[in-house]
Amino acid sequence: MIIVMNPHAPQASIDRVVREIEKMGAGAHLSKGQFRTVIGAVGEEGKIDEAHLASLDGVEKVVPIMKPYKLASREFHEDDSVMEIGGGGAGKTPKVKIGGKHAACIAGPCAVESEEMLNKIARHVRDGGATILRGGAFKPRTSPYSFQGHGETALKWMRACGDELGMPICTEVMDTRQVELIEKYTDSFQIGARNMQNFDLLREVGKTRKPVLLKRGLAATVKDWLLSAEYVLSQGNRSVILCERGIKTFEDSIRYTMDITSIPVVQQWSHLPIIVDPSHAAGKRDFVAALALAGMAAGAHGIIVEVHYCPSEAQCDGPQALLPEAFKEMMTQLRAIAAVHKREFADAGEAVGA
Ligand code: PEP
Ligand code: MN
């Protein structure tokens, strides 16, 4: 249910509506537009008394949200949401915007293998145009015998490197028990494809105030995916960025099939930013740039991509890692495609203390 307030309704009327919603045992979520405030009343079905809310001072109308996801829907928030990653909190980096006219590139290694390799790759991706640094400290691996990541040590390296280069960081959280630890170091959480429907984990990151990069599950529909975003939003964390990373289909010439259509579909149904991950979709570096370009052409707000200066030595996802030169070249092409949508990739942040 959304409660649309009159233009310039006084704060007292807004507060009263919020109190009444909370009395009904539902959550009140405010969306402040240029002229008016819209309040999302979200809770178990049947609990919300629509007629009572419609009768309150300052209320223009009460409209049911027809979509199963509420806070993620365009009905709740008409304009594109712009999320900000970094800028204080755990580290000392500038803020990077994603959404609306702001495109961003998140790049780095799949897994953080050593401090030296991280620092080297981070410099390459920053010089090539990335503004956010990625790197896995805890890795979801198909085999329990594969490299699982360096855990907290890798988080420390990530933090130090991000601060030195002025790049906010993004790293994967796999389990509710890791949220507190990772939150201390990171600027944003990545929820991997395999955890898209780990509802406890979604709620837990929803209780933090760090942006959440929510990857699409390997076999999830766009609706499932937006309902997962809703889990995060319903806990009060308003910052979710969706990431299309390919789904399972019968096609086996590539690792996954990047569902280009999901980009305009998400943008019609939701106000949340959406980026693409061409690396995991392709599985092979030869196809990464084409998928990244296709994603941006379809309207994505940016990319997350894996880069390595020596992919044959990578402990994880080497075959899909771009070499630094290829990454740089791809970024030049991506800027041109983004311009078609009047979107701009931010310049690399000023190194703090450099
Ligand atoms: C990753 O980003 O390294 C990763 C494991 O991604 P996904 O969850 O999309 O497979
Ligand atoms: Mn990877």
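The values are calculated or read from the model by the stated rules, or taken from the named source; none is laboratory data. Since the model is a prediction, treat every value here as computed from it, not as a measurement. In this analysis, Cβ positions are derived from the backbone assuming ideal geometry, glycine residues included, and neighbour counts consider all displayed protein chains. The protein model used for the area step is the full one, side chains on, heavy atoms only, and it has no ligands, DNA or RNA in it. Shrake-Rupley method; radii C 1.70, N 1.55, O 1.52, S 1.80 Å.
The spread of Cα positions in region 286-345, taken along each principal axis and listed from longest to shortest, comes to 39, 17, 16 Å. The length gained by stretching the chain between Glu344 and Leu56 to full extension, at 0.36 nm per residue less their Cα-Cα distance, is 99.4 nm.
For the chain, the alpha carbon positions stretch 66, 42, 40 Å along the principal axes, listed from largest to smallest. Apolar share of the accessible surface for region 239-319: 56 percent from carbon plus sulfur atoms, 1.4 Å probe. Helix 115-128 axis versus longest C-alpha principal axis of the chain: approximately 70°, rounded to the nearest ten.
Is region 45-103 best put as rounded, prolate or oblate by its Cα gyration tensor, with a ≥ b ≥ c the root eigenvalues, rounded for a/c under 1.5, and otherwise prolate when a/b is larger than b/c, oblate when not?
Working: a/c = 2.87, a/b = 2.46, b/c = 1.17.
Here region 45-103 falls in the prolate category.
If I take all pairs of Cα atoms in region 95-136, what percentage of them are more than 11 Å from each other?
Values: 540 of 861 pairs.
Roughly 63 percent, once rounded to a whole number.
Within the P(r) computed for region 189-285, what percentage of the Cα pairs occupies the region above 15 Å?
Working: 2614 of 4656 pairs.
The calculated P(r) of region 189-285 puts 56 percent of pairs beyond 15 Å.
For region 58-159, the convex hull spanned by the alpha carbon atoms encloses 176 Å³ per residue. With contributions of -39500 (n - 2.57) from each DSSP H run of at least four residues, the per-residue ellipticity at 222 nm computed over the chain stands at -10000 deg cm²/dmol. For the chain, averaging the sequence separation of C-alpha pairs within contact (under 8 Å, six or more residues apart) and dividing by the residue count gives a relative contact order of 18 percent. Whole-percent P(r), region 228-310, all Cα pairs, 5 Å bins from 0: 3, 15, 24, 21, 17, 11, 6, 2, 0. Pull out a ≥ b ≥ c, the square roots of the eigenvalues of the alpha-carbon gyration tensor of region 1-73, then state rounded if a/c is under 1.5, prolate if not and a/b is larger than b/c, and oblate in the remaining case. It comes out oblate by the Cα gyration axes. Compared with the dominant principal axis of the Cα atoms in the chain, helix 11-23 is inclined by about 90°.
The heavy atoms of Arg285 offer some 80 square angstrom of accessible surface to a 1.4 angstrom probe. Here the peptides 220-228, 62-70 are ranked by packing, the mean other Cβ count within 10 Å, and the order with the highest first is 220-228, 62-70.
All C-alpha to C-alpha distances of region 209-348, sorted into 10 Å bins beginning at zero, yield P(r) values of 12, 40, 35, 13, 0 percent in whole numbers. A simple rule links phi to the HN-Hα coupling: the Karplus curve 6.51 cos²θ - 1.76 cosθ + 1.60 with θ = phi - 60°, which for region 273-290 gives x, 9, 10, 10, 10, x, 5, 6, 5, 6, x, 9, 4, 4, 9, 5, 4, 4 Hz, with x for Gly and Pro.
What is the sum of charges, Lys and Arg at +1 and Asp and Glu at -1, for the other residues whose Cβ falls under 13 Å from the Cβ of Pro319? Net of charged neighbours comes to -1. Backbone amide hydrogens, once placed in the peptide plane, bring Ser270 within less than 5 Å of Arg74, excluding anything fewer than 5 places away on its chain.
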